1. For residue 227, indicate whether it is in a loop (DSSP other than H, G, I, E, B), touching a residue at least 40 places away in the same chain (Cβ under 8 Å) and small (Gly, Ala, Ser).
2. Among the listed residues 269, 289, which satisfies the condition of being within 23 Å of the chain's Cα centre (by Cα), at pLDDT below 85 and in a strand (DSSP E or B)?
3. Could you tell me whether any residue of segment 480-487 is within 32 Å of the chain's Cα centre (by Cα) and either closer than 21 Å to residue 231 by Cα or without any contact (Cβ under 8 Å) to a residue 24 or more places away in the chain (or both)?
4. Restricting attention to segment 694-701, does a residue exist that is more than 30 Å from residue 253 (Cα to Cα), surrounded by 17 or more Cβ atoms within 10 Å (Cβ to Cβ) and either of a type outside the set (S, T, N, Q) or in contact with a helix residue (DSSP H, G or I) (Cβ under 9 Å, 6 or more places away or on another chain) (or both)?
5. Which strands (runs of 3 or more DSSP E) does segment 690-761 wholly contain that include 2 or more residues that are of a type in the set (Ser, Thr, Tyr) and within 24 Å of residue 667 (Cβ to Cβ)?
6. Of the numbered conditions (1) closer than 24 Å to residue 623 by Cα; (2) open to solvent by less than 60 Å² (accessible area, probe 1.4 Å); (3) of a type in the set (Ser, Thr, Tyr), residue 682 fails exactly one; give the number of that condition.
7. Name the single residue, out of those in segment 511-536 being over 21 Å from residue 227 (Cβ atoms) and in contact with a Ser or Thr (Cβ under 8 Å, 6 or more places away or on another chain), that is least open to solvent (accessible area, probe 1.4 Å).
8. Would you check if there is a residue in segment 420-427 being part of a strand (DSSP E or B) and buried (at least 16 other Cβ atoms within 10 Å of the Cβ)?
Amino acid sequence: MAFNGSDLPINQMIPFNRFVTLCLVLMLCVSHVQAQGPVMLKGSVVDAETESPIPYATVLIHSSNTNKVLLGTVTNDEGFFSIQSDSVRIYAVVSFMGYLNDTLKSNPLMIQKEMLLGVSKLNRSSQDLDAAVVRAEKSTVEFKLDKRVFNVGKDIVSTGAGALDVLANVPSVTVNIEGQVSLRGNSGVKILINGKPSVLTDEGSNALGSITADMIERIEVITNPSAKYEAGGTAGIINIVLKKEEKKGFNGSASLNTGVPANHSIGVSLNRRTEKFNFFTQFGAGYRSLPRYNESENINRGTGSRLMSDGTEYRNENFYNITLGTDYHINDFNVVTLSGNYAFEDEDQPSETTFELYDAGNELVSSWLRSESTQAGNPKWQYDLQYKKQFKNHEDHVLLFSTLGSFFGKEQSSLFNNTAIAGTEVDPNQKTETNFYQTDYTWKLDYTNPINKKITIEAGSQYDINDVGNDYAVYNRVSEDWQADSGLTNTFEYDQKVLGVYATGSFEGSKWGIKLGLRAENTDLKTYLVNTGERNNRNYTNFFPSVHSSYKFNKSVSMQVGYSRRINRPRLWDLNPFFNIRNNYNIRRGNPDLQPEYSNSYELTAIFVRPKFSLNTGVYHLHTIGVMERISIFEDNVNIYMPMNIGTNRKTGLEINGKYSPSRLVTINGDINAGYFVRKGTFEEQKIDFTSRQLTSKLTTKFKLPYSFDLELSGNYESGYQTVQRQVRGFVFGNAGIRKKLWDGKGIVDFGVRDIFASRIDRNLLDNADNYQYSYSRRGRFMTLGFSYSFGKGEAMTYSGRRHH
C-alpha cells in the first residue's frame with residue numbers, strides 16, 4: 001500500500017521544504033553548541049518511587065571522550081542542580097546513599113547557553129544490606145550494620161550551638177547540665193573525633209567547647225561497636241566527624257552570631273581545590289557567657305544542723321581558633337592529608353554563693369557570702385597526618401595509616417573571699433593555683449580488602465599514649481599570710497598506654513550478612529602522687545569479640561542482631577584525689593583505687609522503610625560488672641563525691657526511632673528509649689540491690705513555610721531514676737528555631753531558642769538515716785541570632801562559638 005502524505009492529519013503534515021529547513025537549523029544548532037564557550041548544565045534528581053526531590057545528591061560531570069570526571073556539584077533543597085561547563089561532550093552520573101546510580105546524557109539542543117539534562121529518577125538499592133536510609137531535609141539518619149549516622153545538616157535549633165548541644169539532639173544521646181554525655185542512659189561513653197581518640201573529647205578538660213556545630217558533618221552513634229573500633233566505653237562510641245570541604249575551585253562561607261546570654265562570634269571557612277591539592281581552613285573568634293544557678297541543702301540528722309547555699313556561677317570566655325589543612329593527591333590511588341588546629345580560651349569566672357548554717361532548733365548560727373574570682377588560659381593544639389593508599393582492583397581495597405597528636409593545657413588561679421553576713425563562724429579566705437597539661441598521641445593502621453563481592457576482611461592496630469599532669473595547690477589566709485594546705489595540695493601524674501590489634505571478616509549476600517571480629521588490647525597505666533609518693537601501677541590484657549548480622553526480608557523490612565564486649569577505663573578525673581574547692585561543702589574528688597568496668601552488650605533491631613514513613617525498633621540488654629558510680633560520703637556537713645566500683649547492672653531496654661513525612665511541607669522525627677535495670681552489689685557491708693526505670697524521648701517537627709521560611713520545634717523528656725544513693729528527678733524542655741533563606745540559599749538568617757521555658761533542671765535527692773541532701777541546678781533560656789553567607793561554589797554555613805549549656 002502506497003504511503004500518501006495527505007493521509008496524515010493536518011497537524012502532522014510537514015512540507016518537504018520545511019523539513020529540510022528544520023534539519024539544517026538543527027545541524028547549525030549542534031555545531032553552534034560545540035563551538036561556543038561555557039554552558040550552564042541544569043537538571044533535577046527525584047526518588048523514582050515517590051517522585052519527591054532528593055536534596056544533596058552528588059552529580060559528577062564526565063567527559064564523553066575520556067570518561068574522566070570534569071566537575072562535581074550537589075542538588076539543592078528542592079533537588080535541582082546547575083553547574084557551568086566548558087564542554088558539552090559530557091554525561092552526568094547521579095548518586096545518593098541508599099540508591100542506585102543513574103546517568104544523564106547531554107542534549108545537543110541548547111537555549112540561551114543553557115543545556116537541560118533532564119530529570120534523574122533514582123531507584124532504591126536492593127543490594128544495600130547494611131543501610132536503610134531515612135531522609136529528612138533537616139538531617140539524615142542512616143541505619144547501618146553496626147552504627148547509626150546522624151548527618152547534622154542544617155539543624156535550625158543548632159544555630160549558635162556547641163558540640164554538646166548538637167549531641168543533645170542526637171537519638172539515644174543525652175547530655176546533662178554539667179556536660180556529661182550518656183548513651184541510652186549509660187554514662188560509659190567513648191567519644192572520638194574523626195574515628196580517633198582526642199584530648200578535645202576529655203570530659204574533665206571541658207575541651208569540647210572548641211568544636212562548634214558548623215564544624216560537624218555527622219555524628220555516628222555506635223551502641224554495639226565492631227572489633228575494628230577501640231574497646232573503650234561500656235555504653236558504646238560516639239564518633240564526631242568534622243567537615244572538610246572538597247569542592248573544586250575556590251569556596252568559602254562567613255558567619256556572624258549573637259545571643260543572650262552573651263554569645264557573640266564570627267567565623268570564616270575557606271577551601272581551594274585543584275587537581276592535586278585541596279587546601280582548607282576555618283578560623284573564628286568570639287565571646288560567650290555561661291551562667292548557672294545552683295541551690296543545695298545538707299541536713300546532718302545526727303546533730304540536727306542544716307546548711308543551705310544558693311548562688312550563680314559564671315563561666316565567661318574569649319576564644320580564638322584556627323584550622324589549617326591540605327590534601328595532596330599523589331596520584332589516583334595515593335593521598336596524603338595533613339591538618340592542624342590551634343585554639344585558645346581566656347576564662348573568667350566571677351561567681352557568688354550565699355551560705356546559711358542553722359542549728360537543731362532551726363536558729364541561724366551564721367551566714368556568709370563566698371565570692372570567687374578565677375582566671376585561666378587554655379591553649380589547645382592538635383595535628384593529624386594521614387596516608388591513604390587505594391589499590392587498583394577495588395575502590396574499597398584500602399590501606400590507611402595515620403598519626404595524631406594533641407595537647408590541652410590550663411593555667412588557672414582562683415581567689416575565694418568569705419564575707420560575714422550574720423554570726424561569726426566564717427570559713428577562711430582561700431586561693432588555688434592549677435597547672436594542668438594533657439598530651440595524647442595515637443598511631444593507627446587499618447587495612448580493608450574486599451576479597452570478592454560478598455567477602456571483606458579487615459585488620460589493623462592502634463597505639464595510644466596519654467600523658468597527663470595536674471599540679472594543684474590550695475592556700476588558706478591566716479592573718480596577713482597565705483599558708484599552703486598540705487592536705488589539699490599535691491601533684492598528680494597519669495601515664496597510660498594502650499596497644500590494640502584487631503581482625504574482622506564479613507559476608508554480605510543479597511539478603512543475609514554477617515560480620516565477626518576479635519580485638520585484643522593491652523593497658524599499661526601508671527599514676528603517681530608526687531607529694532605523698534603514692535604509686536599505682538596496672539598492666540592487663542583483655543579480648544573483645546564482636547558479632548553483627550542482618551537479614552533483609554524485602555525492600556521495606558530488615559533485621560539486625562549484634563553483640564560486643566567493652567571496657568570503660570578510669571580517667572584522670574576519676575583517679576585524681578585532689579579537687580577544686582569552688583564549694584567547700586559539696587566536693588568532687590577521684591579515687592586512685594578505682595578499677596575499670598566491663599560490659600557485654602546484646603541488641604536486636606528491626607528496620608521498616610516506606611516512602612513516607614520509616615521506623616527503627618530495637619531491643620537491647622547491657623550487662624555491666626564493676627560499675628563505676630559516684631558515692632557521697634558525708635562528714636561534718638561536707639559531701640564528698642567519689643567514684644567507686646559498686647556491683648553489677650543489668651539493663652534491658654526498648655528503643656524506637658522514627659520519621660514520618662505526611663507531605664513535602666512537614667517532617668516529624670521521634671525517638672523513645674525505655675529501660676529497666678537491676679542493680680546488685682554491696683556498699684559499706686550492706687546490700688544495695690534495687691530496680692529502677694528510665695525513659696527518655698525526643699520529638700522534632702519541621703515545617704516548610706512560604707517565602708523560604710523553615711520552622712523547627714522540638715520537645716524533650718527525661719524521666720527520673722534511682723542510683724545507689726540518690727533519686728534523680730525528671731524534667732521536660734523545648735527548643736524552637738526559624739530560618740529564612742536568602743539569595744537562593746547563599747544567605748541564611750537563623751533565630752533559635754534553646755530551653756524555651758527554662759525547665760531543663762537537674763535535681764537530685766539523697767535521704768537516709770544519717771543525712772539528707774538536695775541539689776538544684778539550672779542553666780536557663782538561651783537565644784541566638786545568626787547570619788551566614790557563602791561565596792564561590794560553597795553553601796551557607798552556621799559558625800558559632802557556643803560551648804554548651
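1. Working: in a loop (DSSP other than H, G, I, E, B): yes; touching a residue at least 40 places away in the same chain (Cβ under 8 Å): yes; small (Gly, Ala, Ser): yes.
Here the answer is yes, as residue 227 does meet what is asked.
2. On the way: 289 fails: at pLDDT below 85.
None of the others qualify; the one that does is 269.
3. No - not one qualifying residue is present in segment 480-487.
4. Filtering segment 694-701 down to residues more than 30 Å from residue 253 (Cα to Cα) leaves 694-699.
So of that shortlist, the ones also surrounded by 17 or more Cβ atoms within 10 Å (Cβ to Cβ) come out as 694-696, 698.
In the following step, the residues that additionally are either of a type outside the set (S, T, N, Q) or in contact with a helix residue (DSSP H, G or I) (Cβ under 9 Å, 6 or more places away or on another chain) (or both) were identified as 695, 698.
The answer is yes, given that some residue of segment 694-701 is more than 30 Å from residue 253 (Cα to Cα), surrounded by 17 or more Cβ atoms within 10 Å (Cβ to Cβ) and either of a type outside the set (S, T, N, Q) or in contact with a helix residue (DSSP H, G or I) (Cβ under 9 Å, 6 or more places away or on another chain) (or both).
5. On the way: elements: 690-705, 709-718, 726-728, 731-742, 747-754.
Those strands (runs of 3 or more DSSP E) span 690-705, 709-718.
6. (2)
7. The selected residue is 529.
8. So the first thing to find is which residues in segment 420-427 are part of a strand (DSSP E or B), and the list is 420-422.
Subset that is buried (at least 16 other Cβ atoms within 10 Å of the Cβ): none.
The answer is no, given that none of the residues of segment 420-427 is part of a strand (DSSP E or B) and buried (at least 16 other Cβ atoms within 10 Å of the Cβ).
The values are calculated or read from the model by the stated rules, or taken from the named source; none is laboratory data. Computed from a predicted model, the values in this text were never measured in an experiment. Every residue, glycine as well, gets a Cβ built from its backbone with ideal geometry; the counts of neighbours run over all protein chains shown. Note: areas computed on protein heavy atoms with side chains; ligands, DNA, RNA excluded. Shrake-Rupley method; radii C 1.70, N 1.55, O 1.52, S 1.80 Å.
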